[in-house]
Structure formats: structure tokens, C-alpha cells
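Input: a single structure, listed below in C-alpha cells.
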Amino acid sequence: MIESKGRPNRLGIVGWLGGGRWGLERYLYTLHRVTGLGLLLYFVLHIVVTSSRAVGTDLEARKAWWEWAMGNVSGGMFVAGEYLVFAAFAFHALNGIRLGLVELGIGIGRPIEPVYPYRTSVHEQRPLAIAVMVLAAIVVLAGGYGFLH
Amino acid sequence: MRDQRLWTWHVGAGAVILVLLGLHMTVMHLDAFVRVFNATAEEPIAWSNVFARAQSTFFLVSYVLLLGAALFHGFYGLRTIVFELNPGDGLKKAVNGALVAAGLALFLFGTWAAWASFEFARVNG
């Protein structure tokens with residue numbers, strides 16, 4: 001992260017949602033952060049819960065510990081939560097690929113003369129953003145089918 | 001310079017996560033379409049399947065790699081968000097210390113769990 005020196009972030013977290021007439025990419029930025037924080041929280045809990053497979057002195061005890069741990073995180077609310085995690089992962093991963101491509105200068109067009117009416121690279125990268133979101137929606141729907149069956 | 005290097009590691013860790021977590025999600029949640037690494041017909045989280053995967057060296061290595069990459073990627077991302085709020089130098093140091101300590105503790109704990117279950121499954125499998 002390159003630290004800001006001359007233009008401090010005055011809006012803070014409020015700036016994630018409000019602060020101007022922003023385009024689609026700004027809301028993808030916000031969603032990327034929200035899903036990232038959600039995934040981090042889930043991941044820390046996941047490490048603790050799944051470590052139950054290493055508890056117990058014999059096979060039966062380990063199986064019992066595992067099934068007890070899984071039993072504590074089963075049921076409708078947990079399944080819905082797990083699906084949200086899956087959806088967050090699908091979005092975060094695919095949007096992350098888009099960010100990586102944009103950072104490498106792929107899909108943002110070539111530099112042009114600043115002639116009125118001005119065009120920005122946002123105009124060039126919008127199709128990439130839409131394509132990635134369509135792909136994310138397909139994965140989320142496929143995952144939904146998997147969760148229901 | 002240091003932050004640029006850390007940012008590069010953050011992006012690299014993201015690529016590792018993409019592959020390994022993509023595989024994990026496929027095994028655990030897309031089993032209706034792609035049934036891989038599930039030894040029995042039961043649910044992917046059934047003990048029989050968990051125990052079978054625990055015997056695999058590939059899964060041991062991939063779990064530890066994924067653990068390290070995801071903890072670094074996640075905690076560095078959290079650090080970026082906090083630092084963008086312009087905290088003071090003292091708070092920045094405290095955040096750095098807390099995130100490194102939490103990351104290392106979780107990595108050691110998760111690695112222990114993966115190794116202990118691998119070793120147990122190898123002996124008892």
C-alpha cells in the first residue's frame with residue numbers, strides 16, 4: 001500500500017458508500033472490501049472449528065469431536081451463512097482477477113490525447129467489470145444449486 | 001519500497017488463494033457438479049471423507065499453503081483498510097503488531113491441526 005501524503009482520506013468508511021456520483025467500479029470497490037472483511041472473519045472461525053478433526057486420542061473420539069463441531073454449525077441459519085460465504089468468495093475472487101488485470105494495464109485501453117469530450121479509462125474497463133459480474137452471478141447460482149441439492 | 005513489496009506479496013497470495021480455495025470450494029460446495037476428492041458417497045464434510053482427505057500429503061501441503069496465503073492476504077487487506085483511515089503512528093505500530101501476532105498464532109494453530117490430523121490418519125487409516 002502506498003501511503004497518502006498530501007490528500008488524506010477525510011471521508012473514511014462513509015466514503016465507501018457516499019461521497020459523490022460514483023460509477024459501478026466504486027461500488028465494486030466497496031463490495032470487495034465488505035466481502036473481504038466477511039471472508040476474513042469467517043476464515044478465523046473456520047480455522048478454529050475445523051481444528052476439531054485433530055482432537056481426540058482414538059478414531060472414535062476424533063469422529064465424535066468432528067461430528068459435535070459440525071453439529072454446532074449446522075441448521076438453516078448456518079447453511080444460509082455458508083452460502084453467503086460462498087457467494088462472497090465467488091465475487092471477491094472474480095473481482096480480484098479484474099483488479100489484477102487492471103493493475104497490469106489490461107482492459108483499460110491505450111493512452112489517448114485529452115481532447116474534449118474527455119474519455120477516461122473507466123469507459124474502457126466497464127465491459128470487463130460487467131463480464132466479471134456476469135461470471136460471478138453464474139458461479140453464485142451454480143453454488144446455490146449445489147447448496148439446495 | 002517495503003509497502004510495494006508487501007503489496008506484491010498480497011497480490012501473489014491472492015493468486016495462490018484463487019487456485020487452492022477454488023479447489024476447496026469445488027470439493028466442498030460444487031460436489032453436485034464435480035465430485036472430486038470425496039472418497040465416499042456421503043457429504044463432503046462427513047467424517048469418512050474428511051478422514052480420507054486427511055491421509056493425503058497433497059491436502060496437507062495445500063491446506064498449510066492456503067492457510068499462510070489466506071492469513072497474509074486477509075490481514076494485509078485489513079491493515080490497508082485501517083491505514084487508509086489515517087491513524088496516528090502509535091496506532092499504526094499497534095495494529096501492525098497485533099495483526100502479525102494474530103496471523104502467526106493462527107498459522108501455527110492451523111498448521112498443528114493439519115499436521116496432527118495427517119499424522120493420525122496415516123497411522124490409523
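Any read-out appearing in this document is the output of simple, stated calculations on the displayed coordinates, not a laboratory observation. If you're wondering where the values come from, they're calculated on a predicted model, not measured in any experiment. All Cβ positions, glycine included, derive from the backbone under ideal geometry; neighbour counts span all protein chains shown.
Which of the helices in chain A, when you take each full DSSP H run, stretch at least 24 Å along the axis at their Cα atoms and have an average Kyte-Doolittle score of 0.0 or higher?
A:24-50, A:76-103, A:121-148
Take the Cα radius of gyration of the range A:90-149 and divide it by 2.2 N^0.38 Å, with N its residue count; two decimals is plenty.
That ratio works out to 1.49.
Compute the signed sum of charges (Lys and Arg +1, Asp and Glu -1) over the other residues within less than 12 Å, Cβ to Cβ, of A:I13.
+1
Sort A:E113, A:E82 so the one with the fewest other Cβ atoms within 10 Å of its own Cβ comes first.
The most exposed by this proxy come first: A:E113, A:E82.
Across bins of 5 angstrom width beginning at 0, how are the C-alpha pair distances of the protein assembly as shown distributed, in whole percent?
The distribution over the protein assembly as shown is 1, 5, 10, 14, 16, 16, 12, 9, 7, 4, 2, 1, 1, 0, 0, given as percents.
What ³J(HN,Hα) values, in whole Hz, does the Karplus curve 6.51 cos²θ - 1.76 cosθ + 1.60 give for the range A:108-115 when θ = phi - 60°, with x put for Gly and Pro?
Coupling constants for the range A:108-115: 10, x, 8, x, 10, 5, x, 9 Hz.
Can you give the log10 of the normalised intensity I(q)/I(0) at q = 0.14 Å⁻¹, computed with Debye over equal Cα scatterers of chain B?
For chain B, the Cα-only Debye profile gives -0.72.
How do A:T120, A:T35 rank when sorted from fewest to most other Cβ atoms within 10 Å of their own Cβ?
A:T120, A:T35
Rg/Rh for the range A:2-121 to two decimals, with Rh computed the Kirkwood way over all alpha-carbon pairs.
Ratio of gyration radius to Kirkwood radius: 1.18.
Could you please report the charge total around A:S74, scoring K, R as +1 and D, E as -1 over all other residues with beta-carbon less than 12 angstrom from its beta-carbon?
-3
Work through the residues other than A:V55 whose Cβ is under 13 Å from its Cβ and net out their charges, Lys, Arg +1 and Asp, Glu -1.
0
Tell me the relative contact order for the range B:2-124 as a rounded percent, counting alpha carbon contacts under 8 Å between residues six or more apart.
In percent, rounded to a whole number, it is 30.
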